[in-house]
1. Stretched out fully, how many nm does the piece from E67 to A51 gain, at 0.36 nm a residue minus the Cα gap?
2. So how much slack lies between K207 and K166, counting 0.36 nm per residue of separation and subtracting their Cα-Cα distance, in nm?
3. Which FRET efficiency value, to the nearest 0.05, is calculated for R23 and I229 with the Förster distance at 45 angstrom and r the Cβ-Cβ distance?
4. For the stretch 106-245, how many pairs of lysine residues have a Cα-Cα distance under 18 Å, where the two are 8 or more positions apart or belong to different chains?
5. What is the Cα convex hull volume of the stretch 104-150 when expressed per residue in Å³?
6. How much mean residue ellipticity at 222 nm does the chain get from its helices, if each DSSP H run of length 4 or more adds -39500 (n - 2.57) and you divide by all residues, to the nearest 500 deg cm²/dmol?
7. If you average 1/r across every pair of different Cα atoms in the stretch 26-111 and take the reciprocal, what Kirkwood value do you get, in Å?
8. Can you run the Rg to Rh ratio on the stretch 97-201? Use alpha carbon positions and the Kirkwood inverse-distance Rh.
Amino acid sequence: MKIKVINPNTTASMTEKIGAIARSVANPETEIIACNPKMGPVSIESHYDEALSMVGILDEIRQGEAEGIDGYIIACFGDPGLLAARELATAPVVGIAEAAMHAASFLATGFSIVTTLSRTKIIARHLVNNYGMSHLCRQIRAIDLPVLDLETDTEIKTIILEECRKAISEDDCGAIVLGCGGMADLASQIGNILNIPVIDGVSAAVKFVEALAGLKLFTSKTGDLAYPIAKPYTGMLSSFELNKL
Ligand code: 2AL
């Protein structure tokens, strides 16, 4: 089975890290194709970044559908463009935030999220509400460092570990969800130190996509996730017209 893991930002080092973690948890017969869009923000930490990242994500999905991909992962914690991606794809599409929250819900009655910048907490809050996870999400915490610091800051693991310790002592949570694709490599190390489930959405999404595709399940084309209606697209987005795909 081929799973395309889309890092929605254009930072190649983060794409490599996400791909390596995905491969480390995938079944031996699963091929992980890690990619990032050719265009878009180098990191996603605002509504603006999210909105503009979606064009590149959808471009990767439409290419994947032509290439016979069996499932997709949107590897940014805002799950940008998730429903639009599902409209374009027949193969299952899973976002890392929804994957991590659902995994946490199987393991604990309450979880806290530890994310990057404080301003992105509202993005996580919207997702918690949309996914019906409000009763499980005890707290959304931020280390208040930008996403790209995850690539360079040598103290990052210690900083995230400290925030996770605070979550355990102050939030009454039984599990922690790491709120950024760039934290994928830290979950198992932090989980081992704290002896609590610490969930990386990339890893969880790989296992969920393997399960869905393995069950020969596909994205519903009945109702609102049917293929988008073909119509003219103008200007810079004219190549996104569906009859040109
Ligand atoms: C993210 C993420 O997962 N990747 C990215 O560029 N921005 N979201 C976040 N809250 O840090």
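1. Values: separation 16, 0.36 × 16 = 5.76 nm, distance 2.54 nm.
Between E67 and A51, full extension yields an extra 3.2 nm.
2. Details: separation 41, 0.36 × 41 = 14.76 nm, distance 2.87 nm.
Here the segment from K207 to K166 would lengthen by 11.9 nm.
3. Details: r = 37 Å, r/R0 = 0.83.
Calculated value: 0.75.
4. Details: K121/K166; K157/K166; K207/K216; K231/K244.
Lysine pair count for the stretch 106-245: 4.
5. Numbers: hull volume 3.5 nm³, N = 47.
Per residue, the Cα convex hull of the stretch 104-150 comes to 75 Å³.
6. Working: 9 runs with 106 residues, N = 245.
The per-residue figure over the chain is -13500 deg cm²/dmol.
7. On the way: mean 1/r = 0.0718 Å⁻¹.
Across the stretch 26-111, the inverse of the average 1/r is 13.9 Å.
8. Values: Rg = 12.3 Å, Rh = 13.3 Å.
Reported Rg/Rh, Kirkwood definition of Rh: 0.92.
Every read-out reported here was derived from the displayed coordinates using simple, explicitly stated rules and does not represent laboratory data. As the structure is a prediction and not an experimental result, all values here were calculated from the model. Methodologically, a virtual Cβ is constructed for each residue, glycine included, from the backbone with ideal geometry; neighbour enumeration extends over all protein chains shown.
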